[in-house]
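What follows is a set of notes on a single structure, which appears directly below.
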Amino acid sequence: MSKAVVFCEFAGGAVRRASLEAIGAAKAAGADVVAVLAGEGADGAAASALGASKAVALTGAAEYSADAVAHAVSEVVKAEGAAAFLAAATYRGRDLSPRVAAHLDVTPFADCVELTAAGDSFHVKRGWLAGKAVATTRLNVFPAAEGDGPSETATQGVSAEPKARVTGVEAKGDAKLDVKEAPVVVSGGRGLQDPADFKMIEELAGAFGNAAVGASRAVVDLGWRPHAEQVGQTGKVVAPQLYVAVGISGAIQHLAGMRTSGTIVAINKDADAPIFKVADYGIVGDAYEIVPKLTEAVKAAKAGS
């Protein structure tokens, strides 16, 4: 069985879903997974690396440094004789992976959507390769790993002198759910005539209680919504249980970012809008009439549950 080292990010003492997806990708390819965690609290979060047979917590990395951690991670890859190193395509994963690749003298591949075993090496769908690989996994594509945590945990020191370090991470002040992690996403598009009209999108999201507000690239480019809410090829890839698209025509770039959602509901006055081709449920009509009624229906359903 080939072995893969997966870098795991964590928050609140638990490995993040994006990293569990990376473990899931490696496991689905038949790899034996060694999870690597770095930063303050890494040893405590190691047990939540579900699906990994072993976890390595890098010590001496209370202040995260990509270059120092990359050196330590590459040493783990070599020591384990791993055929691949994976990380989720998050900001940290994208920062770390090329550095690890440089230490291992291999080519990194980003946004992989399929990983398969090929003897003692791996093939990825995002180009091709044979042999050792360093890759990031596209978010919300692979199922998150489940099962037990690692049966073996170890610690390893970070010895390289960092060139730069992260001294702290601040949570968002508004405490809003991120579209990448929310189970429900309600997105608005150019079909809304004014940025103030996003209030009804926010109200529908609020009615669900566990929803995030998303947006198409068109409204983000207009400055109506922040880039953090953009769903699509040049924004964020999401796969919530429920995706509600309001006033979004369905450009291919947007579909690339949400078509793997569990259930897709589209609301658009244009019956020929491309979004209806991927929607599970389509409502042709005026969003200004439909969305407020849908909001009230969701509130009523929540109150009665």
Task: Rg over Rh, two decimals, the range 199-305 (C-alpha only, Kirkwood Rh) - done: 0.95
Task: Expected 222 nm ellipticity per residue - DSSP helices of 4 or more, -39500 (n - 2.57), all of the chain, to 500 - done: -8000 deg cm²/dmol
- [ ] Arrange the peptides 147-154, 41-48 so that the one whose residues have, on average, the most other Cβ atoms within 10 Å appears first.
- [x] 41-48, 147-154
Open item on the list: Helix 198-208 against the longest principal axis of the chain: what's the angle in degrees, Cα atoms only, rounded to the nearest 10?
Closed with: 70 degrees
- [ ] Could you tell me what fraction of 2.2 N^0.38 Å the Cα radius of gyration of the range 28-102 comes to, as a two-decimal ratio?
- [x] 1.05
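Packing-wise, with mean Cβ within 10 Å as the measure, how do 256-265, 222-231 rank, highest first?
256-265, 222-231
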TODO: For the range 261-293 and the range 169-239, compute the distance between their C-alpha centroids and round to whole Å.
DONE: 17 Å
TODO: Over the range 41-130, average the accessible area per residue using a 1.4 Å probe and give it in Å², no decimals.
DONE: 42 Å²
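The values are calculated or read from the model by the stated rules, or taken from the named source; none is laboratory data. None of the values given here were measured: they were computed from a predicted structure. Positions of Cβ are backbone-derived with ideal geometry, glycine not excepted, and every protein chain shown enters the neighbour counts. To get the accessible areas, we keep the full protein, side chains included, count just its heavy atoms, and leave off ligands, DNA and RNA. Shrake-Rupley method; radii C 1.70, N 1.55, O 1.52, S 1.80 Å.
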